[in-house]
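What follows is a set of notes on a single structure, which appears directly below.
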Amino acid sequence: MPAHSSVSLQTIAAKAGVSAMTASRVLRNSPRVAPATRRRVLAAARALKYQPDPHLSRLMSVVRSRKTPRLRAVIAVVREDLPQDELHAPNYQYVSIRDIRGRAEQHGYHAEEFWLGRDGLGPERLSDILLARGIEGLIVSPQSSQMLCSQLDYSRFAAVTFGYGLQHPSLHRAAGNMTVGIQLAVAQLLARGYQRIGLAITQWVDTRAQYAYSGAMLQVQQAMKRKDRVPILLFPHNELSRGATDFRRWIKAHRPDALISFDTHVPEWLRQLGLRIPEDIGLVVHDWAESMRSFAGIFQRRDHIAVAAVDLVATQLLHHECGVPEVPRQILIPPAWVEGPSIRPASPQGERK
């Protein structure tokens, strides 16, 4: 391991003409230092070839945290509560507060939900509340087509968002890698002998994944025979219950033998068409959860997405970073395949490892 610099804090402070405390604040990236002083200290550190010891830095971070009052710091989880919004339907899932809190506790934070739109709470008022309470970290979960969360002033906060629903401003993100998810599901279906594999989702689902669903499906179709390629159905309405007519037309026109779609509405629509699952058509749930054990599916591992988001916020808070980042960091969590009785089982010869 490379040796770390033996230059002391006092040496840097003396060269820069500041106190050791000021030098320490600059090297910890604290905002409580004048720009001119910051530049002078950093110039002195460079001239002395100073390199921080990461082990010592971590230890001192723990020591400083133990010296602070026992009032627990809070990370705000910003949700949207607009019951009439089309994205409020139960077929849309979001990262649970339980998973967020579990990781936040490990960092020494408490995660608390704030609901834009509830009781008239708007973006400006929410910002005032957060600042008044000294809350500096935000995890933003877009849950409405109105995108009230996009109107928040992020200049004073360390922030991260889930997925790609919030396009502007562009924050650090934690999301599921649905390119991998679709490729995984198609590979499983092909291994079971399915040939005409369809994808039927709403536009919001595709947008929230930065078009990974449609992009991955178009990519895997390039390896299929042209006669086996099923056009993607993007429902014209994000309220899935309004999509029955479009779905029936699509099924009758293209006759898929397997389908990647929702666990709600779609199974009933297939039954109304006289199609049995899995005897006549296989069904893979695009966003599998524990309550969907009667289906095969793509498990998006939202528990790990929650961990990644909290880690991103905690890192920003540790380094006193705030505002919209110049280069947003993105963590993509690969989904997992879940077996289920809604597709036929793979033969030992055909099952892929």
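The values are calculated or read from the model by the stated rules, or taken from the named source; none is laboratory data. Predicted model only: the values in this text are computed from it and were never measured. Every residue, glycine among them, receives a Cβ derived from its backbone with ideal geometry; neighbour counts consider all protein chains shown. What goes into the accessible areas is simple: the full protein's heavy atoms, side chains included, and nothing from ligands, DNA or RNA. Shrake-Rupley method; radii C 1.70, N 1.55, O 1.52, S 1.80 Å.
Overview of results
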item: Output for the stretch 153-165, where each listed residue is outside any strand (DSSP E or B) and either touching a Ser or Thr at 6+ places or on another chain (Cβ under 6 Å) or among the basic types (Lys, Arg) (or both); result: Asp153, Arg156
item: Where a residue in the stretch 159-185 is farther than 21 Å from Leu87 by Cα and its partner, wherever it lies, is open to solvent by 10 Å² or more (accessible area, probe 1.4 Å) and among the charged types (D, E, K, R), with Cβ under 6 Å and at least six apart; result: His172/Arg329
item: Residues of the stretch 220-239 classified as surrounded by fewer than 19 Cβ atoms within 10 Å (Cβ to Cβ) and in contact (Cβ under 8 Å) with a residue 40 or more places away in the chain, total; result: 2
item: Tally, over the stretch 258-293, of residues that are in contact with a helix residue (DSSP H, G or I) (Cβ under 9 Å, 6 or more places away or on another chain), open to solvent by 10 Å² or more (accessible area, probe 1.4 Å) and within 11 Å of Ile343 (Cα to Cα); result: 3
item: Residue check for Thr202: under 30 Å from Gln84 (Cα atoms) and out of contact with any helix residue (DSSP H, G or I) (no Cβ under 8 Å at 6 or more places or on another chain); result: no
item: Of the criteria (1) under 23 Å from the mean Cα position of the chain (by Cα); (2) open to solvent by 50 Å² or more (accessible area, probe 1.4 Å); (3) not hydrophobic (A, V, I, L, M, F, W, C), which one Arg302 fails; result: (2)
